[in-house]
1. Looking only at region 2-11, decide whether some residue is surrounded by 10 or more Cβ atoms within 10 Å (Cβ to Cβ) and of a type in the set (Gly, Ala, Ser).
2. Given the residues Thr49, Thr69, which is the only one that is more than 36 Å from the chain's Cα centre (by Cα), in a helix (DSSP H, G or I), of a type in the set (S, T, N, Q) and modelled with pLDDT of 95 or more?
Amino acid sequence: MQAAKTNYERDIAAKEEAAEEARRNLVKQLRDLESQLEDERKARSAAQTAAKKIQSEIGDLENQLEAETKGKEDAARMYKKTQVYML
């Protein structure tokens, strides 16, 4: 009878240890997933910031191009006017 009780207690202890090990593994997996999620959030935020910066730079370049085009057109008009006066 004592041997059966000892075996039963040993089995219970082994099951409890297995359950605790499973819990520790799950906690570790959860922490790893949370860390991975945080890394992905940071990467997404950095990508959004970079995209906004690029959009801003594109807008600036478009404005510069528009100004340069207008300047070129004005210069071409002035050139034509001076050509008319020189003839």
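The values are calculated or read from the model by the stated rules, or taken from the named source; none is laboratory data. Bear in mind that the values here come from a model prediction, so they are computed numbers and not experimental data. Counting neighbours? That spans all protein chains shown, and the Cβs are built from the backbone with ideal geometry, glycine included.
1. Of region 2-11, the ones surrounded by 10 or more Cβ atoms within 10 Å (Cβ to Cβ) are 6-11.
Subset that is of a type in the set (Gly, Ala, Ser): none.
For region 2-11, residues surrounded by 10 or more Cβ atoms within 10 Å (Cβ to Cβ) and of a type in the set (Gly, Ala, Ser): absent.
2. On the way: Thr49 fails: more than 36 Å from the chain's Cα centre (by Cα).
Checking each option against the conditions leaves just Thr69.
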